[in-house]
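Notes follow the structure.
The values are calculated or read from the model by the stated rules, or taken from the named source; none is laboratory data. Remember, it's a predicted structure, so these values are computed and weren't measured experimentally. Here the Cβ is made from the backbone with ideal geometry for all residues, glycine too, and neighbour counts use every protein chain on show.
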Amino acid sequence: MSFDRIEQSGEGASVCGGIPHRIVGLSRSPATSPFRRLDAMTTPPPPQQPYAAAPPPQPMGPSDEKLWATLVHVGGIFVGFWSSLIGYLILKDRGPFVRAHTATALNFQITLIIAEVVGWILTLVLIGFVILTAVYIVRIVFSIIAAVRANRGEWYTYPLSIKFVS
C-alpha cells in the first residue's frame with residue numbers, strides 16, 4: 001500500500017501528531033483497490049432491475065393429479081382440516097381435477113369442523129357425544145370413498161357439505 005499524495009496545508013487539512021496534513025487518497029492498484037479516492041467524484045451505482053415474477057406453476061399430469069387428490073382425501077382422516085387447506089393452497093393452480101378435489105375436501109372438512117363445534121357445545125346436554133361420534137365416522141367413511149373415487153380418476157362431491165370454497 002502506498003500513499004498517493006499528502007498535502008501539508010490547504011483547505012480540509014487536519015492535524016495529526018502536530019503535523020498538518022490531508023490524505024488525498026490511498027490505493028493499491030486502481031482496478032482492485034478496496035479504497036476509493038477521497039478527492040474523486042463518485043456516482044451512485046445504476047438502479048437494479050426489479051425482480052422477475054415467479055413463473056406460473058406447471059400443470060400436472062393425470063396420474064399426479066389423481067395421486068395428490070387421493071392424498072388430500074386420505075389426509076383428512078388423519079389431520080383433518082390441515083391437509084385439505086394446505087393441499088388447496090399449494091395445488092389449486094396445477095390442474096382442474098386436483099383443484100376440484102382439494103376444494104371439495106376443504107369444504108367437507110370445514111363442514112365437519114362446524115359439526116364438531118356444535119357437538120362439543122351440546123356435550124353439556126349429552127347429545128353432543130352422539131354428534132361427535134357421528135362426525136368421526138362420517139369423516140372416515142366419506143374420506144375413504146372420496147379417495148377411492150379420486151384414485152380412479154372420477155369426480156366426487158361429498159354429500160352434506162357446505163360449499164365455502166369453489
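Cβ separations smaller than 9 Å between residues 6+ apart or across chains give no pair from the range 71-96 residues that are touching a residue at least 12 places away in the same chain (Cβ under 8 Å) and not assigned by TED's automatic domain parsing to the domain that holds Phe108 to residues that are surrounded by 14 or more Cβ atoms within 10 Å (Cβ to Cβ) and small (Gly, Ala, Ser). Are any of the residues in the range 132-145 under 30 Å from Lys92 (Cα atoms), touching a residue at least 40 places away in the same chain (Cβ under 8 Å) and touching a Phe, Trp or Tyr at 6+ places or on another chain (Cβ under 9 Å)? There is at least one residue in the range 132-145 that is under 30 Å from Lys92 (Cα atoms), touching a residue at least 40 places away in the same chain (Cβ under 8 Å) and touching a Phe, Trp or Tyr at 6+ places or on another chain (Cβ under 9 Å). For the residues Val130, Val165, Val135, Val117, the requirement of being farther than 14 Å from Thr70 by Cβ and part of a loop (DSSP other than H, G, I, E, B) singles out Val165. When each of Val141, Val125, Val117 is tested for being surrounded by fewer than 18 Cβ atoms within 10 Å (Cβ to Cβ) and farther than 22 Å from Trp82 by Cβ, the lone residue that passes is Val125.
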